[in-house]
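Data block below; observations after.
The values are calculated or read from the model by the stated rules, or taken from the named source; none is laboratory data. Because the structure is a prediction, the values reported are computed rather than measured. We place every Cβ from the backbone using ideal geometry, glycine too, and count neighbours over all the protein chains shown. With ligands, DNA and RNA removed, areas are computed over all heavy atoms of the protein, side chains included. Shrake-Rupley method; radii C 1.70, N 1.55, O 1.52, S 1.80 Å.
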Amino acid sequence: CLLSVRIFTDMPSCLMSTRFFSEADQLAFAHLSGDVNPIHMDESVARRLLAGKCIAHGIHALLWALEEARITPISLQAKFLKPIFVGETVKLEHANSRLRLNTLDGAKLVDIKYEKGEVSTLRALPLSVPVPRKSTPDPA
């Protein structure tokens, strides 16, 4: 009796969701991250550069993909293959330990490999920490 075993190393991907990266998204992420590079914000500057138009922040796309897939990796490797243009809709696909961002017609934009594992303690930190004001006594 012969036993045939097939091991699937690249399972079919599953479409998780889509995202439209708008100009408002770029402004909000630039404000949050401090990355105000004109390639993300200024169409007249971006037009003269290699991409030819404004591109979305790569780390913004990466963080969105991880959040959307509800993944907290202990390590990851991301390859930014092509830019995500502002005003473009991308789709997120998930297969094995890999996330992919593609255009709607299937062109590969970002490939993310990750490793899940035990995380001892994660604490959410506030984006801004209020600083207490010193009260000065009235000189009168």
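Tabulated values for the structure
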{"item": "Inter-label distance for residue 115 and residue 31, nm, one decimal - labels placed 7 Å from Cα along Cα-to-Cβ", "result": "3.8"}
{"item": "In Å², nearest 10: area of residue 67 left accessible to a 1.4 Å probe", "result": "140"}
{"item": "Computed lengthening from residue 59 to residue 105, 0.36 nm per intervening residue step minus Cα-Cα distance", "result": "14.3 nm"}
{"item": "List 18, 89, ordered by accessible area with a 1.4 Å probe, largest first", "result": "18, 89"}
{"item": "Equivalent ellipsoid, the range 42-86 (semi-axes from 5 times Cα gyration tensor eigenvalues, Å)", "result": "27, 11, 7"}
{"item": "Spatially proximal lysines relative to residue 79 (Cα-Cα < 20 Å; intrachain offsets below 8 disregarded)", "result": "91, 108, 113, 116"}
{"item": "Residue 18-residue 96 pseudo-label distance in nm [points 7 Å out on the Cα-to-Cβ vector]", "result": "2.8"}
